[in-house]
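Every number here is computed from the coordinates shown, using simple stated rules; none is lab data. None of the values given here were measured: they were computed from a predicted structure. A quick note on method: Cβ atoms are made from the backbone with ideal geometry, for glycine too, and the neighbour counts reach across all protein chains shown.
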Amino acid sequence: MSYLREVIAKTEEKNPAQPEFIQAVEEVMLSLEPTVERHIEYVASGIYERIVEPDRQIIFRVPWVDDSGKVQVNRGFRVQFNNAIGPYKGGIRFHPSVNLGIIKFLGFEQVFKNSLTTLPMGGGKGGSDFDPKGKSNNEVMRFCQAFMRELYRHIGPETDVPAGDIGVGGREIGYLYGYYKLIRNEHTGVLTGKGLDYGGILIRPEATGYGAVYFAAEMLATRNESLAGKTAAVSGSGNVAQYLTEKVIQMGGKNISLSDSSGTIIDPEGINLEKLNYLMDLKNNRRGRIKEYAEKYPTSQYFGGKSVWEVIKEQSIKVDIAFPSATQNEITEDQALALVNNGCLCVSEGANMPSTPKGIEVFIDNNVLFGPGKAANAGGVSVSGLEMNQNSMKLLWGKEEVDNRLQMIMKNIHAECQCAAEAYGFERCNYICGSNIAGFLRVARAMLAYGII
Ligand code: NDP
């Protein structure tokens with residue numbers, strides 16, 4: 001058994017019933033094999049064993065009172081995974097599926113993603129099994145306040161800077177930050193994704209979706225292709241999916257799909273800006289379901305209980321580019337095969353780990369350009385990093401300036417993935433190995449410098 005396979009086996013033994021975390025560790029470790037031979041010093045100082053063990057895992061009770069006066073109890077998490085290159089940084093997820101293993105997989109991925117941005121940010125992630133769906137604004141506010149009542153003692157602008165993720169958007173960040181400000185009596189850059197009126201940065205809501213499209217454009221350019229005239233399939237209908245759709249339109253492409261956890265809509269004519277505005281109002285203000293899109297626009301069709309990828313498979317829909325942007329493990333092996341058979345030439349992951357390992361294998365075996373989440377969706381945390389700079393310098397950059405920086409960062413991440421892949425014996429367009437190696441090396445060098453801590 002190779003050294004890194006032993007590390008994986010030990011991690012599995014120590015973390016039973018955390019399949020998503022083990023999946024993420026396995027994916028990273030297996031692509032780091034060539035680093036073991038070249039950096040024997042990392043083996044000697046246990047870097048690989050240490051990097052899979054979080055610095056700290058915090059689990060706490062979150063009691064709150066619902067609108068009927070009943071006491072509800074949720075569980076809160078913050079996993080501070082690795083701060084070798086900067087303060088812990090990573091989002092907060094509110095979703096009923098949240099458990100320690102999911103937060104650990106997200107935190108682990110975040111370590112490498114943040115390193116890839118070249119900004120000084122370590123990796124962390126947090127969340128709760130609280131479900132904001134169907135809750136009143138007051139209930140969401142009371143929950144956020146209860147969550148921050150414990151979280152505040154573990155975070156700080158130089159310690160740990162959370163942001164949004166699934167179920168945590170502008171509304172939730174406002175409640176979380178407002179409460180932090182109150183109990184700490186300080187106005188500081190402790191959360192990113194803040195509103196523009198209280199320390200937020202322009203383009204942060206757009207950044208993850210825009211970045212995933214910029215990354216796709218970089219990948220396509222390696223084959224002399226562009227987004228213009230291409231048909232895209234996007235899953236999800238939240239923050240990432242919305243701005244991904246906007247950027248696809250701006251770059252001359254057409255997005256034909258959106259989804260939520262209840263079903264999928266397919267709109268063969270494409271989701272134009274007017275339809276996108278309707279969707280944003282539906283999801284961000286009225287907090288409705290994607291089904292209503294199909295009721296409003298008869299050009300589209302609703303498929304209840306099915307994911308975008310299942311519908312594409314069943315209906316044999318032609319798609320050039322896939323942007324999975326809902327959740328982890330949404331593209332299975334047979335769905336990946338159906339995408340390939342329907343002409344898909346590029347996958348850029350807006351979500352974290354949305355393709356299953358078998359799905360990824362299909363993409364790689366069929367020469368599909370594959371941008372893994374930790375590279376393709378790094379635009380969000382990059383602009384969060386810029387928000388931290390902006391807060392500490394007490395200034396506000398213009399929209400164009402932030403967008404230009406975002407484009408430059410995505411270009412650099414793409415180039416860095418290619419260089420690392422090539423330098424360690426992989427094909428230049430192996431973005432999985434490239435992103436893992438490039439992300440790992442920066443963190444490993446810093447860990448080595450600190451000695452055994
Ligand atoms: P949102 O909460 O804004 O949207 C999530 C969307 O995905 C919703 O449409 C939701 O439907 C759907 N969804 C969530 N869970 C499931 C599920 N289990 N099955 C089917 N559909 C589901 O989240 P974001 O857009 O912010 O995040 C989407 C993905 O992007 C996540 O993987 C996140 O980790 C990743 N990401 C987000 C970043 C950001 O800046 N926001 C940065 C980097 C990555 P419903 O409303 O019905 O639950």
task = About the Cα centre of region 375-453, how large is the charge dipole given +1 on each Lys and Arg Cβ and -1 on each Asp and Glu Cβ? Please answer in debye to the nearest 20.
result = 180 debye
ask   = Taking Rh as the Kirkwood radius computed over C-alpha pairs, what is the Stokes-Einstein D of region 205-371 at 37 °C in a medium of viscosity 0.692 mPa s, expressed in µm² per second?
value = 214 µm²/s
key: In nm, spacing of pseudo-spin labels at ASN185 and ASN341 (7 Å Cα→C-beta vector)   = 6.7 nm
note = Note on region 42-86: alpha-carbon gyration tensor, axes a ≥ b ≥ c; rule is a/c under 1.5 for rounded, else prolate if a/b larger than b/c, else oblate; result prolate
request  = Work out how much length SER226 to THR159 would gain on full extension: take 0.36 nm times their residue separation and subtract the Cα-Cα distance, in nm to one decimal.
outcome  = 20.0 nm
ask   = Dipole magnitude of region 205-371 about its Cα centre, charges +1 at Lys/Arg Cβ and -1 at Asp/Glu Cβ only, in debye to the nearest 20?
value = 340 debye
message = I need the semi-axes of the equivalent ellipsoid of region 3-187: take the C-alpha gyration tensor, multiply each eigenvalue by 5, square-root it, list largest first in whole angstrom.
response = 34, 18, 12
message = Name the residue from ALA378, ASN367, ASN430 whose Cα lies farthest towards the positive end of the charge dipole of region 359-453, charges +1 on Cβ of Lys and Arg and -1 on Cβ of Asp and Glu.
response = ALA378
request  = Take every DSSP beta bridge with both residues inside region 66-202 and express the antiparallel ones as a percent of the total, to the nearest 5.
outcome  = 55 percent
Segment ARG405-LEU448, length gained on full extension (0.36 nm per residue, minus Cα span) = 12.4 nm
message = Using the Cα centre of region 29-166 as origin and beta-carbon charges of +1 (Lys, Arg) and -1 (Asp, Glu), tell me which of HIS39, PHE108, ILE92 is placed farthest towards the positive end of the dipole.
response = ILE92
inquiry  = Starting from 0.36 nm per residue, how many nanometres of slack lie between GLU333 and LEU396 once their C-alpha separation is accounted for?
reply    = 18.2 nm
remark   = Rounded to the nearest 500, the 222 nm mean residue ellipticity computed for the chain from DSSP H runs (n ≥ 4, each -39500 (n - 2.57)) alone is -15000 deg cm²/dmol
Share antiparallel - DSSP beta bridges, the chain, percent rounded to 5 = 60 percent
query = Using a simple spin-label model with points 7 Å from Cα along the Cα→Cβ vector, what separation in nm is obtained for ASN277 and ASP67?
reply = 2.9 nm
remark   = Ranked on Cβ counts within 10 Å of their own Cβ, fewest leading, VAL308, VAL248, VAL62 go VAL62, VAL248, VAL308
note = The size of the Cβ-based charge dipole (Lys, Arg +1; Asp, Glu -1) of the chain about the Cα centre, to the nearest 20 debye, is 1180 debye
remark   = Rounded to the nearest 5, the percent of DSSP beta bridges in region 224-368 running antiparallel is 50 percent
ask   = Say a paramagnetic label sat at a point 7 Å from the Cα of ARG286, along Cα to Cβ; which residues of region 149-170 have their backbone N under 14 Å from it?
value = none
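For a quick check: sort ASP260, ASP55 by the number of other beta carbons within 10 angstrom, fewest at the front.
Values: ASP260 20, ASP55 17.
Neighbour counts put them in this order, fewest first: ASP55, ASP260.
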remark   = Taking a crude spin-label model, label points 7 Å out from Cα along the C-beta direction, the ASN137 to ASN99 distance in nm is 3.5 nm
ask   = Over the chain, one equal point on each Cα, no solvent: what is log10 I(q)/I(0) by the Debye formula at q = 0.05, 0.12, 0.13 Å⁻¹?
value = -0.16, -1.00, -1.19
ask   = Dipole of region 137-273 (Lys/Arg Cβ +1, Asp/Glu Cβ -1, origin at the Cα centre): which of GLY270, SER235, ILE173 lies farthest to the positive side?
value = ILE173
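Please go through region 214-309 and write out the trypsin sites (Lys or Arg not before Pro) that DSSP classes as loop and that have at most 11 other C-beta atoms within 10 Å.
Passing both the DSSP loop test and the Cβ count: ARG286.
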